[in-house]
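What follows is a set of notes on a single structure, which appears directly below.
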Amino acid sequence: MVIKESAENYLESILMIRNEKGYVRSIDIANELGFTKPSVSIAMKHFREEGYIIMDQDGAITLTEKGLEIAERIYERHQIIAKALMRLGVDEEIAYEDSCKIEHDISDMSFSKVKEYLAKAEKDESK
């Protein structure tokens, strides 16, 4: 499933906000991403039409299974890549900024190898 980087960022943000606050509204997304509320409203309309989210009458946004799958994949990439960069000595703030850029472009194979390497390094460290 190929989806644009901006859509991935929206879906990941919805997941992160939900995990933090327990609920998500358009204004939360606008604040998180630094976008205008009208821009977010247009994006949410497209996401509803594409089946990535459900919005109830009170404006609460919920990821569908399809949307959650993408959000979790991007979030995992974000976390793993940032962790790997920090292990290499990159400052935490820079590691998270860079991982946000890399997470959208890295191939599945490369990501899998980074994840595998990081898991092995952490396991070796715990011995």
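By how many nm would the segment from Ser112 to Asp58 lengthen if fully extended, with 0.36 nm per residue of separation less the alpha-carbon distance?
Details: separation 54, 0.36 × 54 = 19.44 nm, distance 3.97 nm.
Full extension of this stretch gives 15.5 nm more.
FRET efficiency for Ile3 and Glu97, Cβ-Cβ distance as r, R0 = 22 Å, nearest 0.05? Numbers along the way, then the final one.
Working: r = 22 Å, r/R0 = 0.98.
Using R0 = 22 Å, I get an efficiency of 0.55.
What does the charge count around Glu125 come to, taking other residues whose C-beta lies under 14 Å from its C-beta (Lys +1, Arg +1, Asp -1, Glu -1)? Working shown, then result.
Details: positive: Lys83, Arg87, Lys120, Lys123, Lys127; negative: Glu122, Asp124.
Once all neighbours under 14 Å are counted, the net charge is +3.
Using only the Cα atoms of the stretch 80-119, build the gyration tensor, take square roots of its eigenvalues as a ≥ b ≥ c, and label the shape rounded, prolate or oblate: rounded if a/c is under 1.5, else prolate if a/b is larger than b/c, else oblate. Mind showing how you got there, number by number?
Working: a/c = 3.19, a/b = 1.29, b/c = 2.47.
Taking the square roots of the gyration eigenvalues as a ≥ b ≥ c, the stretch 80-119 is oblate.
Would you work out which of Leu33, Thr64, Leu11 lies farthest towards the positive end of the dipole of the chain, given +1 charges on the beta-carbon of Lys and Arg and -1 on that of Asp and Glu, about the Cα centre?
Result: Thr64, furthest along the dipole toward the positive end.
Between Glu72 and Lys21, what length in nm is gained on full extension when 0.36 nm per residue of separation is reduced by their alpha carbon distance? Please report the intermediate quantities before stating the final value.
Details: separation 51, 0.36 × 51 = 18.36 nm, distance 1.68 nm.
Full extension from Glu72 to Lys21 adds 16.7 nm.
Any idea how far apart Ala119 and Ile42 come out in nm if each label point goes 7 Å out from Cα toward Cβ?
If labels sit at Ala119 and Ile42, their model points lie 4.1 nm apart.
With +1 assigned to the C-beta of every Lys and Arg and -1 to the C-beta of every Asp and Glu, and no other charges, what is the dipole magnitude of the stretch 37-82 about the Cα centre in debye, to the nearest 20? Before the final figure, lay out the partial values.
On the way: 6 positive and 8 negative charges, 44 e Å.
Magnitude of the dipole: close to 200 debye.
Magnitude of the Cβ-charge dipole of the chain, K/R +1 and D/E -1, about the Cα centre, nearest 20 debye? Write down the numbers at each step before the final one.
Values: 18 positive and 26 negative charges, 31 e Å.
Dipole size: approximately 140 debye.
Using the C-alpha gyration tensor of the chain, what are the square roots of 5 times its eigenvalues, in whole angstrom, with the largest one first? Working shown, then result.
Numbers: eigenvalues 181, 43, 35 Å².
After scaling each eigenvalue by five and taking roots: 30, 15, 13 Å.
Using just the Cα positions, wrap the stretch 50-99 in a convex hull and report its mean projected area in square nanometres, one decimal place.
Working: hull surface 17.5 nm².
For the Cα atoms of the stretch 50-99, the hull's average projected area reads 4.4 nm².
Where a number appears in this text, it was derived from the coordinates with a stated rule and is not lab data. Predicted model, so just to flag it, every value in this text is computed and none were measured. Every residue, glycine as well, gets a Cβ built from its backbone with ideal geometry; the counts of neighbours run over all protein chains shown.
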